[in-house]
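Read through the structure below, which is laid out as structure tokens, and then see the notes.
The values are calculated or read from the model by the stated rules, or taken from the named source; none is laboratory data. Just so it is clear, the model here is predicted, and its values are computed rather than measured. With ideal geometry, Cβ positions are generated from the backbone for all residues, glycine too; neighbour counts draw on all protein chains shown.
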């Protein structure tokens, strides 16, 4: 955690920036690099009866770290993607509640303390 779900950007492209991106994002989040997952989805977009190119969109699923960290995270992510020659993309954050997160059926966080 965080998990980046990427649409409209090829896995090969994301692979080129994945190491430096994750290192920078881990520093911003103050966590280890092995906490990150990048999933690149193969999508087919349609508009007005035709198949069209998928607009670059990255969803970040994470535990909230505050507005300042979120802003730095989004800026870093956008800069790395722009370095691939992709001039614009959208980034959206989905925040998990700690008391609703389980691994192997076990609650990860003690919400009663």
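Please go through the range 74-102 and pick out each residue that is in contact with a strand residue (DSSP E or B) (Cβ under 7 Å, 6 or more places away or on another chain) and in contact (Cβ under 8 Å) with a residue 60 or more places away in the chain.
Of everything in the range 74-102, those that are in contact with a strand residue (DSSP E or B) (Cβ under 7 Å, 6 or more places away or on another chain) and in contact (Cβ under 8 Å) with a residue 60 or more places away in the chain turn out to be 77, 89, 96.
So which residues in the range 19-54 are outside any strand (DSSP E or B), surrounded by 13 or more Cβ atoms within 10 Å (Cβ to Cβ) and touching a strand residue (DSSP E or B) at 6+ places or on another chain (Cβ under 9 Å), if there are any at all?
Those that are outside any strand (DSSP E or B), surrounded by 13 or more Cβ atoms within 10 Å (Cβ to Cβ) and touching a strand residue (DSSP E or B) at 6+ places or on another chain (Cβ under 9 Å): 21, 22, 25, 29, 36, 41, 54.
Can you tell me which residues in the range 73-91 are farther than 23 Å from residue 23 by Cβ and not in a loop (DSSP other than H, G, I, E, B)?
Let us first name the residues in the range 73-91 that are farther than 23 Å from residue 23 by Cβ, namely 87-88, 90.
Hit for the range 73-91 is 90, nothing else.
For the range 71-88, what are the residues that are more than 17 Å from residue 29 (Cβ to Cβ), surrounded by 12 or more Cβ atoms within 10 Å (Cβ to Cβ) and over 12 Å from the mean Cα position of the chain (by Cα)?
Matches in the range 71-88: 82, 83, 84, 86.
Name the single residue that is surrounded by the fewest Cβ atoms within 10 Å (Cβ to Cβ) among those in the range 1-17 being outside any loop (DSSP other than H, G, I, E, B) and touching a strand residue (DSSP E or B) at 6+ places or on another chain (Cβ under 6 Å). Steps first, answer last, please.
Restricting attention to the range 1-17, the residues satisfying the condition of being outside any loop (DSSP other than H, G, I, E, B) are 3-7, 11-17.
In the following step, the residues that additionally are touching a strand residue (DSSP E or B) at 6+ places or on another chain (Cβ under 6 Å) were identified as 3-7, 11, 14.
On the way: 3: 15, 4: 21, 5: 16, 6: 21, 7: 18, 11: 13, 14: 19.
Out of the qualifying residues, it is 11.
Say we look at the range 55-64 and pick out the residues that are modelled with pLDDT of 95 or more and part of a loop (DSSP other than H, G, I, E, B); which of these is nearest to residue 96 (Cα to Cα)?
The extreme case among them is 56.
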